Amino acid sequence: MCGIVGYIGESEKKSFLLAGLKELEYRGYDSAGIAVMQNGDIQSFKATGKLANLVLKTQNFESKEFGIGIGHTRWATHGKPTETNAHPHWGKYSFVVHNGIIENYRELKEELQADGLVFLSQTDTEVIVHLFERFVTQGLEVREAFVQTIARLQGAYAILLITKKAPDMIFFSKNAVPLIVAQNTQGEKFLASADSPLIGYAHEVIYLEDGQYGWIQNNTLDLFERGKKIVPTYKALAQDKLSAQKEGYRYFMEKEIYEQTRVVSDTMMGRVRDNSIEFEELQSFDFSNIHAIKICACGTSYHAALVSSYLFERFAKTTVQVEIASEFRYKEPLLDPKTLFIVISQSGETADTLEALKMAKNAGLKTLAICNVDNSSIVRLADATILTRAGIEKGVASTKAFATQIITLWMLTLFIAGMKKTITQGKLEDELQALVKIPLCLHVNDFLHEKIRRLSKRYLHGHGFFFIGRDIFYPLALEGALKLKEISYLHAEGYPAGEMKHGPIALADSELFTIALMPQTILYEKTKSNVEELSARDATILAISPVEFALADDFIKTSQQTHPMSEFFEMMIITQLLALEISVRLGNDVDMPRNLAKSVTVE
Ligand code: M6R
């Protein structure tokens with residue numbers, strides 16, 4: 001969610017670091033910072049907001065002799081986007097930048113505080129530098145201190161660390177977050193969390209694997225895996241910047257579909273515990289006296305809200321009303337202060353959702369935002385916020401933001417259910433186990449993608465699509481239809497499967513395409529009957545199900561699951577890929593479809 005860069009060599013360090021961060025700015029722009037060590041001294045600069053602010057702050061700084069530099073652009077996960085929370089974080093003589101989340105940072109922080117260490121920031125990252133320096137103080141040689149430090153960390157991280165104790169070395173470590181070591185023919189070495197900052201500087205790269213770590217001293221790289229030294233194998237670096245940002249995918253939307261397994265893990269990190277859900281951000285939020293929940297959102301976020309309404313009522317036994325924000329604003333709604341008002345927004349800037357939030361606040365309701373962008377207008381206004389941690393979403397058609405919203409809302413449901421004791425401990429633990437398995441369901445396998453790509457050629461015409469489903473698969477049907485219309489410009493509707501017979505079935509003929517979501521774990525027989533009714537009227541059926549369906553014209557088989565949410569996420573991926581491949585075949589602009597904008601800040 002953040003971006004990091006590093007350099008060791010004789011060229012001007014500031015210019016590589018700033019140019020590299022510019023390439024990574026799309027990954028986060030809450031704040032940015034660099035630290036440069038030369039002649040045994042370290043200078044560090046940080047600035048909040050866009051990178052331009054850091055550029056201004058460093059305009060008189062030069063770093064032309066041999067030295068080392070590290071840089072970071074931040075997407076806040078722990079702590080507000082302030083200068084103090086910006087990276088690099090420092091101890092007495094060492095500096096660190098980090099991308100990811102240190103899951104056990106609280107216990108490490110308590111341990112270090114008990115030793116008298118004073119923390120400056122609210123971040124999880126700061127523990128790294130203090131741990132390292134404590135090991136050095138205990139007498140460990142710097143390399144060993146670094147190895148012992150990373151051995152204490154749990155979670156996802158790409159880390160770069162520099163220290164005055166070793167002025168010609170840069171230390172690095174990678175786990176579950178990308179990190180690349182690169183070099184050029186002049187013997188300069190670079191590090192970055194993606195390809196794009198390296199293009200034009202380096203020729204060869206090593207994409208580090210999880211669990212790998214090491215150090216670069218002058219221009220010598222030492223690379224290790226599980227304590228064993230390994231021989232670094234470089235490969236050529238492709239030199240196309242835009243495609244580097246897309247990391248080999250054709251479109252940002254495609255990349256974001258594939259990223260879902262990772263960002264959903266990020267969203268759960270530190271929140272899903274062995275036998276409970278924890279939200280650090282809700283520690284001082286008072287849920288007593290809340291009798292109902294109202295959720296307001298637009299577009300995809302509205303669909304996420306609809307999914308959650310089933311979960312809230314099922315687990316937390318709380319009445320939930322979901323409203324489209326643009327409708328809510330003008331209906332003169334009755335607002336009861338005993339209602340928790342939740343807004344959901346990827347961007348945090350959607351005008352209709354923001355206005356709805358203002359109305360709720362003015363009426364004295366407790367407000368909670370579920371949002372992907374820290375410090376956005378919605379986050380600043382709401383009483384509390386849960387960040388969805390999807391990272392920057394570039395494709396206008398939202399995919400990974402939706403997945404993380406659903407995960408967040410599912411966790412919130414269980415959190416409230418636990419608090420209200422409307423769920424047994426056994427059932428709660430079953431749900432937690434189902435939650436942690438979701439990243440696996442989100443893994444896109446090549447065979448599935450290829451099958452959808454091949455199928456897509458049959459769905460480029462016709463007079464419309466109906467996506468149908470029941471229960472939580474009804475909002476998924478709405479979302480599938482929205483994805484398709486946004487980027488294919490074909491007419492598509494989402495409908496409750498059981499409602500087709502009340503009117504829309506009149507449209508059925510062979511040119512009406514029905515995308516039938518037929519999960520095994522929820523109302524399979526009921527949905528099947530509804531699909532049979534359409535098939536009897538000659539509608540063309542694409543069935544998505546773990547159960548073979550004889551009447552389907554096309555069939556995508558999903559895996560046998562025991563939990564509805566696992567089926568939900570598997571089917572979500574399929575609907576996203578189907579929309580993508582149809583759009584590609586139609587020659588449309590997948591990432592920037594006509595007439596749309598990523599953030600809708602007008603009414
Ligand atoms: O940023 P928000 O989540 O508030 O945006 C709401 C909608 O504008 C957004 O979900 C829109 O529907 C997307 N283009 C869907 O792909």
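The values are calculated or read from the model by the stated rules, or taken from the named source; none is laboratory data. All values reported here derive from a predicted model rather than from experimental measurement. Positions of Cβ are generated from backbone atoms using ideal geometry, with glycine treated the same way; all protein chains shown enter the neighbour counts. The area values use the complete protein model at the heavy-atom level, side chains included, leaving out ligands, DNA and RNA. Shrake-Rupley method; radii C 1.70, N 1.55, O 1.52, S 1.80 Å.
I'm trying to understand the selection: among the residues of region 318-362, which are open to solvent by 50 Å² or more (accessible area, probe 1.4 Å) and basic (Lys, Arg)? Scanning region 318-362 gives 331, 338, 358, 361. Which of (1) surrounded by 22 or more Cβ atoms within 10 Å (Cβ to Cβ); (2) at pLDDT below 95 does residue 68 not meet, given it meets every other one? If we test residue 68 against (1) surrounded by 22 or more Cβ atoms within 10 Å (Cβ to Cβ); (2) at pLDDT below 95, just (2) comes out false.
One line per residue, one yes/no per condition, for (1) surrounded by fewer than 19 Cβ atoms within 10 Å (Cβ to Cβ); (2) on the phi < 0 side of the Ramachandran plot; (3) polar (S, T, N, Q):
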| position | (1), (2), (3) |
| --- | --- |
| 223 | no, yes, no |
| 227 | yes, no, no |
| 250 | yes, yes, no |
| 295 | no, yes, no |
| 309 | no, yes, yes |
| 316 | no, yes, no |
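Scanning region 343-362 for residues that are within 13 Å of the ligand (Cβ to nearest atom), touching a residue at least 40 places away in the same chain (Cβ under 8 Å) and aliphatic (A, V, I, L, M) yields 343, 344, 351, 356, 357. Taking region 137-192 as the search range and keeping residues that are touching a residue at least 40 places away in the same chain (Cβ under 8 Å), open to solvent by 20 Å² or more (accessible area, probe 1.4 Å) and among the aliphatic types (A, V, I, L, M), which one is farthest from residue 203 (Cα to Cα)? If we take residues in region 137-192 being touching a residue at least 40 places away in the same chain (Cβ under 8 Å), open to solvent by 20 Å² or more (accessible area, probe 1.4 Å) and among the aliphatic types (A, V, I, L, M), then 147 is farthest from residue 203 (Cα to Cα). The single residue among 478, 387, 460, 455 that is assigned by TED's automatic domain parsing to the domain that holds residue 542, open to solvent by 10 Å² or more (accessible area, probe 1.4 Å) and within 16 Å of the ligand (Cβ to nearest atom) turns out to be 478. Taking residue 309, is it more than 14 Å from the ligand (Cβ to nearest atom), assigned to a helix (DSSP H, G or I), under 30 Å from residue 522 (Cα atoms) and not assigned by TED's automatic domain parsing to the domain that holds residue 572? So residue 309 fits the description; yes. Within region 5-17, the set of residues being under 30 Å from the mean Cα position of the chain (by Cα) and buried (at least 19 other Cβ atoms within 10 Å of the Cβ) comprises 5, 6, 7, 14, 16, 17.
Which is under 17 Å from residue 312 (Cα atoms), within 12 Å of the ligand (Cβ to nearest atom) and in contact (Cβ under 8 Å) with a residue 24 or more places away in the chain, of 369, 417?
Matching residue, one of 369, 417: 369.
Of all residues in region 390-419, exactly one satisfies the criterion of being touching a Pro at 6+ places or on another chain (Cβ under 8 Å) and either outside the structural domain of residue 307 (by TED's automatic domain parsing) or buried (at least 24 other Cβ atoms within 10 Å of the Cβ) (or both), namely 397.
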